[in-house]
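One structure below.
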């Protein structure tokens, strides 16, 4: 949790739900030039968390001169897939239409998420320039593309997660006590709750929730940084390998970093992975960040 207070709190981007709000953080020292923006999408297994949780990157990003928007979205207890994707895309489009109001550089928007937030960041990243069912709560004529995506240990293909755990069991002890981890095919798993039914029983929804399904039809793909520990007991690291392989197969630029012994976040992530991720962002978005 960041101790930084938002510069602008609870900006409403849509009117379907009370949670459709975003916070905007602006750096104190500004040159007057439009600011690059990092859109942060929180994790929480699609069923918990909010826009002011899991945003430890904010102080470091502010120091580097980035503006940050943290988006609230409907969780699975309120609305199932594709509500969360629709909300995040609506928030991104709201920011696109308000760049002049807040001094943002539309050509340097990036997405950053961990776990469920990483999945949502990937979904937005690969669908930014094409029509999808995720456009129903926002104007599809508004630009929803981004210049970079950072995905920390996000799931990709829900129906493959249990098989991947068996294929390559995670190293070390589980990150969390029971009832985590549980089988992803379980009717009450986070992924099943997100889709509104056991994931193996709703193949069409499972396919629609898989970001790799949108990669072949994307006209352009933003650069991706994908980071995952091979000791992750909640999301198999092969999920990230699957996404990276599909992006590369269609000409995408991907920096995939599989970290031996690292779990689902936890010790070492902020100290080791956070600075390296911001360095990647600086290099990707170019001078002025």
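Rule-based calculations on the coordinates, nothing more; no lab input. All values reported here derive from a predicted model rather than from experimental measurement. All Cβ positions, even for glycine, are placed from backbone atoms using ideal geometry, and neighbour counts span all protein chains on display.
Summary of computed values
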{"item": "Mean Cβ neighbour count within 10 Å, used as a protection proxy, ranking 184-193, 87-96 highest first", "result": "87-96, 184-193"}
{"item": "Average Cα contact separation per residue, region 8-284, under 8 Å, 6 or more apart, as relative contact order %", "result": "17"}
{"item": "Spatial extent of region 85-243: Rg and Dmax, with the Cα atoms as the point set, Å", "result": "16.4, 50"}
{"item": "Percentage relative contact order, region 109-203, counting C-alpha pairs under 8 Å, at least six apart", "result": "26"}
{"item": "Spatial extent of region 72-142: Rg and Dmax, with the Cα atoms as the point set, Å", "result": "12.2, 35"}
{"item": "Identified option (computed percent of Cα pairs over 31 Å apart; candidates (1) 25; (2) 33; (3) 20)", "result": "(3)"}
{"item": "Value of Rg/Rh across region 1-53 [Cα atoms, Kirkwood radius]", "result": "1.01"}
{"item": "On Cα atoms only, tilt of 274-285 relative to the major axis of the chain in degrees", "result": "60"}
{"item": "Crossing angle, helix 116-127 versus the chain [Cα axis fit, 0-90 degrees, rounded to tens]", "result": "70"}
{"item": "Per-q log10 I(q)/I(0), region 232-277, q = 0.24, 0.30 Å⁻¹ (Debye; single scatterer per alpha-carbon; no solvent)", "result": "-0.94, -1.10"}
{"item": "Crossing angle, helix 238-249 versus the chain [Cα axis fit, 0-90 degrees, rounded to tens]", "result": "60"}
{"item": "Peptides ranked, highest mean first, by Cβ atoms within 10 Å: ranges 117-124, 198-205", "result": "117-124, 198-205"}
{"item": "Inter-centroid distance (Cα atoms) of region 220-289 relative to region 5-84, Å", "result": "20"}
